[in-house]
Every structure is written in structure tokens, then in C-alpha cells.
Amino acid sequence: MVYYAANSFVMARIVGNPVLGSEGRPSVFKEEGGFMKKADKELQAVLDAAQMSHPVIAANAIRKLGESKAKEAAPIITARIKDRSSRVRLACVKQAAAILGKAAVPYLAERLYLDRVIDIGMEAARQLATIGTTEAAEALIAAGSTENHMAGTHADFGLAYWDSFAGIEPLLEALENPGVNHGEIALALGRTGEKKLVGALASAYARAGSEVERLQVAAGLTLLGDDRREEFYCALESNWPRVRLVALDCISETGDRAAFLNIVPLLKDKDPEVASKAHCLLEVFGLTQDEGLMTAANERAKMDIKAALPPGFTVEAGEEGDL
């Protein structure tokens, strides 16, 4: 049997698509009284396209379904989030929260551990932060405390987007546990703006095991009103590039435009990443127009982990057969 499916880019001819049901109809169709339930033709065309084997067509269709929050696409998301095509998996991860809501958490958490494409793991972590439930926080914390290095890296990236009240309890518990990135957790708690957390973060500051962790906890405290900005200014003069980078991140987190004069010398820093981040931060503050050296946050994160990429992992989605 032959069907035609269309999205905004293509008119595609489907012949014997293995994703379709045994009678050739997409599995998302419902039947009532022997007749197919009437569905919006445009929506059904996109549902058809989302089930195609061609990765570009399917990914574009999944994106459209996510934009419209089409709940009818739930079976497609849960099935194709494990697809052989990394492009399709990435599309499913990006739209999982919009289509599945809170039910997306276990599917996204699985991608933190199992996916060998960095883009997908990072996006799964970011989507968990967007969902912002207690279960999502627990998933990120669990990944951050595992011996799976890439899962932990993805979890840290996701925590950088966390600002939900719902995850406060598991995040507070994680501050007491070893083997977790306490700095990122402190920042996540700081973004909630909950003043009652100052005591817990002050204790974490006293226990900080490294200068990087101490700076991140200080940023969390600053976000809660316990001003520690002077520590960032001092850290900008550190001999260690990593410390200077984190100090810039902390200034960015706290939105401290008053640090302008402290940042300017770093525009000529001998470490190119520090110089690039200084340019980027001043651009964010609207204090420079030099966009040539700007690097997006997620791109910088991918650069950070690329050097230590385990065998079998890739950075970008789009390569087929890379599960």
C-alpha cells in the first residue's frame, strides 16, 4: 500500500515503511465503529512524516510536533528517542518535554548514560532542567554521582540551567554527599532565589575542596543576597586559566556589570579561551560589539569535553549508526 506524507519541506512517498502498522496505517491512528477517527489533515501529515525512515524528514516533522505540543506524537517520541539515527534521537530529546511533559524524565535520563553523541546527552540534561521536577533533579544528581564520566559531564551541564523550586530537597541532600559537583548544585540552588538556603550554602562554602568549587558556591550565595563578588574579582588574577574561566562564569551568573573594569584586561589574556569568554561576557553585558570571538555556552561546553572524548563518542548529531 502507498501513502503520501508531507511536512513543511517535502512531499514524501512511503512504501512499506516498517514503522507503520500491519495494515499500513500509522500506529497513532485511532478507530471507532470500524471507521478511522477523523483527524486534522495537517497534523496527520506531520505524524506520518515523523514515522518515516528518512532522518531529515522525520526530524523536521518531530520538531513541528513539539512546537504544537501534539500529544498524539507521544508514541513516536518514546519509540524514536532510541532511533538508530542520531538526528532523529536529538529531535526527540528536544521535543520530549513539550510532548510528554513530566513523563519524559526517564527517557531523557536514559540518554545521559547511553547516548554516544555529546549533543544529545547535553540536550537531554538541559531538558531535564527545563522540566524542573523533583524526579528530574534526582536524575541529574544520580548521573552526576556515577562513575560514567560522560553522564556526569552531561549532568553538570544540565544543572547549569536549573532554577526550579521543585528540586530543592534532593539538591540540598546532594550538597552533603561526596562524589557530586557541589559547585554546580550550589549555583542551581542559588538560582531559585530561596533565602532560607543561605545557611546550607555557607556550610558548603566552608567545606569546598577546591578553588573552583568555592567560587561556584560563592556565586550561589551571591544570588541569594550574600554578596561574595570580591572573590570573583580576585580570581580573575589567578595564575590558573581554569580559575579565571570559572570566575568569569560566576560574574555572568550574578549579572555583575560592575566587574567591567576587572574583565577588560582579560580581553588580551594569553589563554585564548579566557580571552574569548571575556569578549562574550562583555557582549552579553552590552559593553562590546566584537562578536567575532563570541562562543555560545553549549559550544564552549562541547569544546571542554572534546579533548577527553572516550572512544566511540561523537560531538555532533547527524552521523548514522552511532548508538
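Every number here is computed from the coordinates shown, using simple stated rules; none is lab data. Being a predicted model, the structure only gives us computed values, none of them experimental. Cβ coordinates were reconstructed from backbone atoms using ideal geometry, including for glycine residues, and neighbour counts include every protein chain displayed.
Before moving on, here are some points about what is shown:
- Taking amide H positions as modeled 1.01 Å from N, with prolines and chain starts lacking one, the residues under 5 Å from Val117 and 5 or more places away or on another chain are Thr314.
- Exposure proxy order (Cβ contacts within 10 Å, fewest to most) of Ile81, Ile57: Ile57, Ile81
- Net dipole in debye of the stretch 165-227 [+1 Lys, Arg Cβ; -1 Asp, Glu Cβ; about Cα centre; nearest 20]: 100 debye
- Kirkwood Rh and Cα Rg combined as Rg/Rh, the stretch 159-213: 0.92
- Exceeding the 27 Å Cα-Cα cut-off - candidates Lys41/Lys71; Lys195/Lys268; Lys71/Lys195; Lys41/Lys69; Lys195/Lys277: Lys195/Lys268; Lys71/Lys195; Lys195/Lys277
- Arranged from fewest to most other beta-carbon atoms within 10 Å of their beta carbon, Met150, Met122 become Met150, Met122.
- Ranked by how many other Cβ atoms sit within 10 Å of their own Cβ, fewest first, the residues Val243, Val46, Val284, Val198 fall in the order Val284, Val198, Val243, Val46.
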